[in-house]
Number of protein chains: 2
Amino acid sequence: MQCTIITIGDEILIGQTIDTNSAWMAQQLNFIGIKVFEILSVSDDSAHITNALNRAMQTSQIILTTGGLGPTKDDITKNTLARYFNAELVFVDTVWQDIAAFLTKRGLTALDSFKTMAYLPANCEVIKNQQGTAAAMWFNEQGKILVSMPGVPHEMKDFMSRIVLPRLQNELQLPAIVHKTIMCVGIGESFIAEKIKSVEDSLPSHIKLAYLPNYGVVKLRLSGTGAHTKQITEEVNHWTAEIDHILRPKYAYGYDEEDLTEAIGKLLMERNAMLVTAESCTGGLIAHQITAIAGSSRYYKGGVVVYSNELKQALLGVSPNTLLQHGAVSEETVRQMAQGALARMEAQYAVAVSGIAGPGGGSPDKPVGTVWIAVASATEVRTKKLQLARNRSINIELSANLALAELRKLILGVDGK
Amino acid sequence: MQCTIITIGDEILIGQTIDTNSAWMAQQLNFIGIKVFEILSVSDDSAHITNALNRAMQTSQIILTTGGLGPTKDDITKNTLARYFNAELVFVDTVWQDIAAFLTKRGLTALDSFKTMAYLPANCEVIKNQQGTAAAMWFNEQGKILVSMPGVPHEMKDFMSRIVLPRLQNELQLPAIVHKTIMCVGIGESFIAEKIKSVEDSLPSHIKLAYLPNYGVVKLRLSGTGAHTKQITEEVNHWTAEIDHILRPKYAYGYDEEDLTEAIGKLLMERNAMLVTAESCTGGLIAHQITAIAGSSRYYKGGVVVYSNELKQALLGVSPNTLLQHGAVSEETVRQMAQGALARMEAQYAVAVSGIAGPGGGSPDKPVGTVWIAVASATEVRTKKLQLARNRSINIELSANLALAELRKLILGVDGK
């Protein structure tokens, strides 16, 4: 079962917009067992769109297009499709009512120019837009399925999740595919592979395992294919448990794209504990990642960004002697930062980071990429040294995630080594 | 002059990687006056690549491919190109020496499997990789130019900037195109359009103006086309000055993708001044954006993330009465946050933000999206209320940029209204 994705719009060809839609669509299609044969980006030009449709009809059973469905004159996808299938455009009153209601609700006038959006090819099934104005169109023609959707990402995603994916799965009687992703942190992919080798070697051929690393987080994705959803779900759950048995709780922190900060938030809430942060080289990124989660005020009191030695002393009580003798990037300093944060901001847990993110500030003793982490509770302080070697932004991202990994282990009371 | 971009690699078709390369390439090509006709993503499959090449050769004078040049057996671009052009693969010893040196320098063994990377089609001009191992190939065949590059973004960008773009411009005798982007903040695009209407109406037809908004920052891009670089540069500079005259210093803060935090850093350094931050709803994002700039420790002392009322009192001295009477999201609170930050962290400038990012926490009085900003110097405090209306992450991003915009105006001493 093959699919071609056609992205319509000049904004991609002039490089103004990065095409994130196609990657998301490809991922979702692969998840249900549809292979993406090709992704094509073409301009708002009728001949060009027609040419792309011809090519896609030759190679693929399914064709998904996005873009070119707005009310302006450069939005020509709909007219092109009508001509392509020799269909007339008919006015769909219920679509027009929906558009008018959508605009009115937002205090906008339903101008007549929007009426063009309610004219749709007679041979398509209209799918109403619950997130915006332009309707999607489902065509069954020449033994192929073609669906045309708007290019606005959240509108496209709503159409795909709500209608297109379930219906493709159903109509095409695709084999059941079940995915489960185990989120890991604080361990490299090759070390994971070593630890779970015996499980991986025992996987049956219809269960696949993929490693997807990203700034210190490694996603392990199990994908099972079979005839029956129930049976394959049970199998995938079985193998997930086998891997969990080895990697959880120390490294495996959650499932299915869960954020590390969200997982840590749950642990803190279970313990009725509050967290504080003390950041130097990560410069507020840890705080930002924690507060990106809605409701984080229930377990996060706040923190400090102590970029200067002066503030390390004033806000956290790091001793001037320690800074003088060992420097700001040292085990002693980061330990005092964590302890100072805990005491002065009165919390149960603290995480502290001090390092040299680069490109400047390195020395032979402490090259760029030297980072010290400390995590502290009322009864324990743990420290860890990282030796990173990349550019500034990667060093900052990695330090934040690896510090959070240490914090998580401290909260759980598992070995930090 | 038309170009087709072909992206080769299964990782894009399975949605594992978002194709950011093509957008960057399209932007750079458009900058020098080459139109991108089509962007194609195809799999690591020889027949499929050949098919894509056939189609591109029919429509485009220039074909740029990325990907499929590594040492593993699924990297088949090079062999496909050799067959496509009926050329033999020849061993290029200098390329092999470069690869071996590159690997050795990084403590890696130059395994024999890497030797396949030094076999290159006899009919191409080899371009050495200064950032990695796989060489690029420049073909002049059938009156077309085809360049094959590795897909690693920083390697591709180096090839494009260093060799491909200058050489295309030179060999194809393209018209001179000059761009200048004026970076603005703290004003919406429709208000900018109103203010610069007379300038925009006077622009000659060979000078185009584009508005590119992004989280409170608006980029105004002037693009001039003509026969002579010197003359067109002068013209673009003239129109840049006309726009600057209206928008600078209040709204226009820099040129050509300069970060707002970098521009603020320069202002602070000129004044020998230090900045501190006091964040509630932005949760560390302002600190993170400031410290993302290398060398920011010269003008940024640090800051606090006071997510709880307790820390607003303890770290910044916000009065409990104020919090009780007016709430954490109020003009009074944010004013005390900025003043407290200035006094306790001993700096010349402070920026403070408190708001309701959502989705929870709103009330009829203070709905989600209500945000108060304060900026302070030794002699002045300014406050501003925002009423945003979108989702959590957009509210956080917008609040951070708009707070920085107010800070910039305070430093410059321009009217905050």
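The values are calculated or read from the model by the stated rules, or taken from the named source; none is laboratory data. All values derive from a computational prediction rather than experimental measurement. Every residue, glycine as well, gets a Cβ built from its backbone with ideal geometry; the counts of neighbours run over all protein chains shown. Heavy atoms of the whole protein, side chains included, go into the accessibility calculation; ligands, DNA and RNA do not. Shrake-Rupley method; radii C 1.70, N 1.55, O 1.52, S 1.80 Å.
Miscellaneous remarks
- Qualifying residue in the range B:67-75 (condition: of a type in the set (A, V, I, L, M, F, W, C), in contact with a strand residue (DSSP E or B) (Cβ under 8 Å, 6 or more places away or on another chain) and at pLDDT below 95): yes
- Taking the criterion of being within 18 Å of A:D45 (Cβ to Cβ) and facing chain A (nearest Cβ under 7 Å), the residues of the range B:23-59 that qualify are B:A26, B:N30, B:V36, B:E38, B:I39, B:L40.
- When B:N391, B:N321, B:N401 are checked against the criterion of being buried (at least 18 other Cβ atoms within 10 Å of the Cβ) and not assigned by TED's automatic domain parsing to the domain that holds B:C184, B:N401 stands alone in meeting it.
- A:Y251 being touching a helix residue (DSSP H, G or I) at 6+ places or on another chain (Cβ under 8 Å), assigned by TED's automatic domain parsing to the domain that holds A:I192, at pLDDT 95 or above and within 30 Å of A:T379 (Cβ to Cβ): yes
- Criterion: on the phi < 0 side of the Ramachandran plot and modelled with pLDDT of 95 or more - qualifying residue of A:P204, A:P213: A:P204
- Matching residues in the range A:324-371 - criterion: being within 13 Å of chain B (Cβ to nearest Cβ) and open to solvent by 60 Å² or more (accessible area, probe 1.4 Å): A:A343, A:R344, A:E346, A:P359, A:G361
- The range B:46-97, residues that are under 15 Å from B:T7 (Cα atoms) and of a type in the set (D, E, K, R): B:R55, B:D74, B:D75, B:K78
- Positions within the range B:175-188 being open to solvent by 20 Å² or more (accessible area, probe 1.4 Å), in contact with a strand residue (DSSP E or B) (Cβ under 6 Å, 6 or more places away or on another chain) and closer than 22 Å to B:E262 by Cα, in sequence order: B:H179, B:K180
- Count of residues meeting criterion [part of a strand (DSSP E or B) and without any contact (Cβ under 8 Å) to a residue 60 or more places away in the chain] in the range B:167-194: 2
- Strands (runs of 3 or more DSSP E) lying entirely in the range B:336-392 (those with 2 or more residues that are touching a residue at least 12 places away in the same chain (Cβ under 8 Å) and among the polar types (S, T, N, Q)): B:381-387
- Selected residue (criterion: nearest to B:N30 (Cα to Cα)) from residues of the range B:194-228 that are surrounded by 14 or more Cβ atoms within 10 Å (Cβ to Cβ) and small (G, A, S): B:S223
- The residue of the range A:7-22 that is farthest from the other protein chains (Cβ to nearest Cβ), among those that are under 17 Å from B:P213 (Cβ atoms) and open to solvent by 50 Å² or more (accessible area, probe 1.4 Å), is A:E11.
- Selection within the range B:372-400 - closer than 19 Å to A:A287 by Cβ and within 14 Å of another protein chain (Cβ to nearest Cβ): B:R392, B:S393, B:I394, B:N395, B:I396, B:E397, B:S399, B:A400
- Looking only at residues of the range B:229-267 that are within 30 Å of B:R298 (Cα to Cα) and aromatic (F, W, Y), we find that the one that is most open to solvent (accessible area, probe 1.4 Å) is B:Y255.
- Listing of helices (runs of 4 or more DSSP H) fully contained in the range B:1-119 that carry 3 or more residues being without any contact (Cβ under 8 Å) to a residue 24 or more places away in the chain: B:20-31, B:46-59, B:93-105
- Filtered residues of the range A:303-319 (kept if over 16 Å from A:S399 (Cα atoms) and either more than 8 Å from chain B (Cβ to nearest Cβ) or touching a Ser or Thr at 6+ places or on another chain (Cβ under 6 Å) (or both)): A:G303, A:N309, A:K312, A:Q313, A:L316, A:G317, A:V318, A:S319
- Under the condition of being part of a helix (DSSP H, G or I) and open to solvent by 50 Å² or more (accessible area, probe 1.4 Å), the residues counted in the range B:126-166 number 6.
- The set of residues in the range B:242-291 being of a type in the set (D, E), away from chain A (no Cβ under 14 Å) and outside any loop (DSSP other than H, G, I, E, B) consists of B:E242, B:D244, B:E270.
- Considering B:A87, B:A100, the condition of being of a type in the set (A, V, I, L, M), crowded, with 17+ Cβ neighbours inside 10 Å and away from every other protein chain (no Cβ under 14 Å) is satisfied by B:A100 alone.
- Failed condition for A:L172, given (1) surrounded by 16 or more Cβ atoms within 10 Å (Cβ to Cβ); (2) within 33 Å of the chain's Cα centre (by Cα): (1)
- Some residue of the range B:268-291 being more than 24 Å from A:A400 (Cα to Cα), open to solvent by 10 Å² or more (accessible area, probe 1.4 Å) and either touching a strand residue (DSSP E or B) at 6+ places or on another chain (Cβ under 8 Å) or aliphatic (A, V, I, L, M) (or both): yes
- A single entry from A:G68, A:G33 fulfils the requirement of being within 28 Å of the chain's Cα centre (by Cα) and open to solvent by 20 Å² or more (accessible area, probe 1.4 Å): A:G33.
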